[in-house]
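Notes to accompany the following structure.
The values are calculated or read from the model by the stated rules, or taken from the named source; none is laboratory data. Everything numeric in this text was worked out from a predicted model, so none of it was measured. Glycine gets a Cβ as well: all are built from the backbone with ideal geometry, and neighbour counts include every protein chain shown. Side chains are part of the model used for accessible areas, which takes the heavy atoms of the whole protein and leaves out ligands, DNA and RNA. Shrake-Rupley method; radii C 1.70, N 1.55, O 1.52, S 1.80 Å.
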Amino acid sequence: MLTIGPGPDPYFAYKIHHVERAKTAWILSEEFGLYEALRDGPTTIAQVSQRIGLQNRPTAVLLAANACLGILGTEDDRYYIYDVMREMVLEGGRARTVPKTPDPEKDWWYRIMKQALRTNVPVPEALPDWLTNPQGNEDTTAFAPSRHGWRILWGQALAEAVDFSPFRTVADLGGATGGVLVGLTERYPHLQGIVVDLPYSQKTAEAAVRQSKAQERVRFHAADFFSDPFPAGIDVFFMSHVIHDWDAEHCVQLLRRCHQALPVGSPVLVQEYLLNEDKTAGLIAVFQWFGLMYGTIGDQRTGPEIEALMVESGFSETECRPLDHEQGIVIGWKR
Ligand SMILES: C[S@@+](CC[C@H](N)C(=O)[O-])C[C@H]1O[C@@H](n2cnc3c(N)ncnc32)[C@H](O)[C@@H]1O
């Protein structure tokens, strides 16, 4: 449900940002005929997908968005419109409420999302830097500095969720500014951290890490995590919001590389906004997922879906743990 509860809530800014995405999801649900496709009662994702002419991935996102908005409910893998909401979203309903259609020339977000959902392909003009300019330019910066601060908080939460005392070297694949390793190694000063990311983010990461004492423990290694060798001696691989950027094939490729590089007894850790088992979720996870549509081939996933990718990649023991009130950690152990 779309709720903003009592604090403290470090996700407040994300939530406000995602309300804008929620509005677009409502508009596009109307335009694609999602509500009429559910008129006759509980319907599976595949059936809705067929009725509205979108592929399964964008259909699943739109349905989850509407469940989050309190318009749809779920039962046994089927979505239905709550009785009271039928009056609001179906044609002829007594409280029929229709969103205003934005001008696509003026509303970038609406135009891009409409194209992304319709085609199920990332939109060329909205691709992230790591696809369009992985080497970077003189003035390239990776993400806003505030994200570095958030990552430090995540690193501190990670230190609470997992015991790092048996390990020595942690690699954060796609670690961007290195904030997670700053937060983590502040709590475990014996650890060495290596941020593995593309060259475009090196300068920003090094500048960000230099702001803290962690600079003695955290270094940047410029590499493509799909093809370049990993630095030697890593005994934990960590990834935050990286697995969700890729389809299953790429995820297995990456997780397999981690499995091959790890010593026996070591883990891979995947941090994500996890979906519930029926693919619904709260505001942050759902609208993060929605945002993946325009710039990636990825998917937001449930914990068991990520565990299955780990098993396919060679990890024999897996588990899910909460990280904070929005995110989870999926762990795969090499045995
Ligand atoms: C969605 S961001 C996540 C950043 C950070 N881990 C976080 O949670 O905020 C994905 C990160 O993966 C990096 N990335 C994408 N493709 C990569 C590749 N082939 N090799 C190394 N890093 C890559 C990007 O540069 C970016 O920093």
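See the values below:
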| read-out | value |
| --- | --- |
| Region 48-104, residues that are hydrophobic (A, V, I, L, M, F, W, C), open to solvent by 80 Å² or more (accessible area, probe 1.4 Å) and over 15 Å from residue 27 (Cβ atoms) | 84 |
| Count - residues of region 176-228 that are over 24 Å from the mean Cα position of the chain (by Cα), farther than 21 Å from residue 160 by Cβ and not charged (D, E, K, R) | 3 |
| Residues of region 174-188 satisfying the condition of being surrounded by fewer than 24 Cβ atoms within 10 Å (Cβ to Cβ) and within 10 Å of the ligand (Cβ to nearest atom) | 174, 176 |
| Members of region 87-115 that are assigned to a helix (DSSP H, G or I), among the charged types (D, E, K, R) and touching a residue at least 40 places away in the same chain (Cβ under 8 Å) | 114 |
| Enumeration of residues in region 108-119 that are more than 15 Å from residue 34 (Cβ to Cβ) and at pLDDT 95 or above | 110, 111, 112, 115, 116, 119 |
| Matching helices (runs of 4 or more DSSP H) fully within region 130-231 where at least 1 residues are within 18 Å of residue 323 (Cβ to Cβ) | 145-161, 179-187 |
| Where a residue in region 239-253 is within 12 Å of residue 306 (Cα to Cα) and more than 8 Å from the ligand (Cβ to nearest atom) and its partner, wherever it lies, is outside any loop (DSSP other than H, G, I, E, B) and open to solvent by 30 Å² or more (accessible area, probe 1.4 Å), with Cβ under 7 Å and at least six apart | 252/312 |
| Any hit, region 281-289, residues being within 15 Å of the ligand (Cβ to nearest atom) and either open to solvent by 50 Å² or more (accessible area, probe 1.4 Å) or β-branched (Val, Ile, Thr) (or both) | yes |
| In region 189-214, the residues that are closer than 18 Å to residue 255 by Cα, in contact (Cβ under 8 Å) with a residue 40 or more places away in the chain and within 8 Å of the ligand (Cβ to nearest atom) | 197, 198 |
| Breaking point among (1) of a type in the set (A, V, I, L, M); (2) open to solvent by less than 40 Å² (accessible area, probe 1.4 Å); (3) over 12 Å from the mean Cα position of the chain (by Cα), for residue 311 | (2) |
| Of the criteria (1) surrounded by 21 or more Cβ atoms within 10 Å (Cβ to Cβ); (2) of a type outside the set (Val, Ile, Thr); (3) at pLDDT 95 or above, which one residue 41 fails | (1) |
| Segments classed as helices (runs of 4 or more DSSP H), wholly inside region 1-85, with at least 3 members that are assigned by TED's automatic domain parsing to the domain that holds residue 116 and over 18 Å from residue 286 (Cα atoms) | 34-37, 45-52 |
| Qualifying residue in region 148-159 (condition: small (Gly, Ala, Ser), within 11 Å of the ligand (Cβ to nearest atom) and open to solvent by less than 30 Å² (accessible area, probe 1.4 Å)) | yes |
| When residues of region 215-233 are limited to those that are in contact (Cβ under 8 Å) with a residue 12 or more places away in the chain and within 8 Å of the ligand (Cβ to nearest atom), the one least open to solvent (accessible area, probe 1.4 Å) | 223 |
